[in-house]
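Structure first, then comments.
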Amino acid sequence: MNPIRSLSAALLLTVSAAALSSFAFAADPIKIGVPVGLSGANSVVAPSVVQSAQLAVDEINAKGGVLGRQLVLEVADDASGAAGAQKAFDALISQKKVDVLISMETSAARNAALPIVARSKTPYIYTSFYEGKSCSPFMFVNAWVPEQQVPPIVDYFGKEKGTKAYFLIGSDYAFGRGMLAFTRKYIEKNGGKVVGEEYLPMDGSDWTSIISKLKGAAPDALITSTAGGAPNVTLTKQLRAAGVKLPYGNLAVDEGTAKAMGTDAEGIFLSASYVTGIETAANKAFLADIAKKFGKDAKTPNDLSVPEYEAVYAYKAAVEKAGSTNSAAVLKALAEVSVVGPRGTIAMSKQHHAPLSMYLGEVQGDGSVKVIKSFPSVDPGDQCPNLKS
C-alpha cells in the first residue's frame, strides 16, 4: 500500500469527521430556560409570559435562528416560591443544560435561585418588575424598579386627589415590603403621611382584619403591593365587597390580571412600562402576532409578559454580538446591546438595569387601561453601582 496515499486517506477521514462534528455542534439548538410560577401566586399571569417567550422564539427561528442555530424553550414550574425555584433552576441548568435563563418570577423565587445561577455562571435575564437593588454579575433586569414606578402614582394622588394620608397593604415578602418601604419614604419626603401599613403572608387570601384596620385609620388613599396575580385578585375583590372606594394605587397589578378581575378592578390606578394601548407600529405588530398565533387562547399582553418577549430578543442580540453562546462573552454583550420592542428601545445598560418609559393609567370597566400620563425614559437610579455596565 502506498504510505502517502494511506496517510492522505486518514487525513481526509479526520478532516471529514471534524467537519461533521463541527456541523453537528453548530446545529445543536440554543436552549432558553424559563422558570416561572405555573402554580402558586403567579399562576394567573405565568401563561402570558410563556406565550410571549414562545412567540419570540418562533419568530426568530422562522428567520434562521441565532448564528444558524434554532432556539428551544425549556419551561419549568417554580411554584412562585423559593423551594420551587431552587428545584426549577437546578433542573434547567444541571439536567436540561440551558444556555440562558429568561423569566418573570417572584422576588422570593429570584433570591433563592441566584446562588444557583452564580455557581453555574449562567446568564439570567430577570423580566419582572421588583423592589430593586438585587445585584449579580450574572443577572440583567429589563423591568421597572420603585424609582421608576412609585412616583407617578403618589404624585398624581397628591396633586389631583389632594391626598395627604395613605394606608399601605402588602404581601409579606421581599417585594411587598421593599416596594412599600420605598413608597413610605417617598410619601413622607413629599409631605404626606402613612397612617397604617399591614401585611399578609404571600399565600394568604383572607384580608378581612386588614380591611377593618384600613377603615378604622380613615386614610385619603390606599396603595398596595402584593405578590402579583392571585393575591391581587383576592384583595381587590374583598376591598370592593367591603365598600372601599378610596383612590386605589396598585403597585403590582398588570393589565392581564386586571382583566381577570372584571369590574372589581375598575378605578385602580397603576404605573407600568407597558400597556396594550401604546400607539406604536412595534406594539401594534406584536399584538397582532400574539392574536394570530394563539387565537382565542391568547392571554392579554402585560407588564410582566412583554419584557419576556423583549428579553429573548436581547439575548439573541447579545449572542450575535458575542459570536457565540459563551457565558462570559454573552454577559459582556448584554450590557451593550439594545432591542426595539413593544415598549420601545430597551437597553439594560444602567448597572444591569434599563431606563424605561412609564405610563400612569386607570383601569376601566372592561379591564383595559386608560393612559393618563406618560413619562419617557425614566432612569432606574442607583441599583447596582458595583456592577460595570
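Just so it is clear, none of the values below were taken in a lab; they were calculated from the coordinates. These numbers come from a predicted model, not from an experiment. Note that each Cβ is placed from the backbone with ideal geometry, even for glycine, and that neighbours are counted across all protein chains shown.
Residues in the range 361-378 carry Karplus couplings, in order, of x, 10, 6, 8, x, 8, x, 6, 10, 8, 6, 8, 7, 10, 10, x, 6, 7 Hz; the curve used is 6.51 cos²θ - 1.76 cosθ + 1.60 with θ = phi - 60°, and Gly or Pro positions show x. For the pair the range 244-302 / the range 184-236, the C-alpha centres are spaced 22 Å from each other. Centre-to-centre, using Cα atoms only, the range 105-179 and the range 24-59 are separated by 21 Å.
If both residues of a DSSP beta bridge must be in the chain, then about 35% of such bridges are antiparallel. Averaging the sequence gap over all C-alpha pairs within less than 8 Å and six or more residues apart, then dividing by the number of residues, gives the range 147-272 a relative contact order of 29 percent. By the count of other C-beta atoms within 10 Å, a proxy for reagent exposure, Arg110, Arg240 are ordered fewest to most as Arg240, Arg110.
Size descriptors for the range 42-174, from the alpha-carbon set: Rg then Dmax equal 17.9, 58 Å. Across the chain, the relative contact order, built from alpha-carbon pairs under 8 Å that are at least six residues apart, equals 18 percent. In terms of its Cα atoms, the chain spans 101, 39, 33 Å along the principal axes, sorted from long to short.
Report note on the peptides 30-38, 99-107: ranked by the mean count of other C-beta atoms within 10 Å, highest first, their order is 99-107, 30-38. Whole-Hz Karplus values for the range 153-163 come out as 6, 5, 4, 5, 4, x, 7, 9, 10, x, 6 Hz, taken residue by residue from phi with 6.51 cos²θ - 1.76 cosθ + 1.60 and θ = phi - 60°; glycine and proline positions read x. Between amide H atoms placed 1.01 Å from N, distances below 5 Å from Glu197 occur with Leu168, all of them 5 or more places distant or on a separate chain. Taking other residues whose beta carbon is less than 11 angstrom from the beta carbon of Ala46, and scoring Lys, Arg as +1 and Asp, Glu as -1, yields -3.
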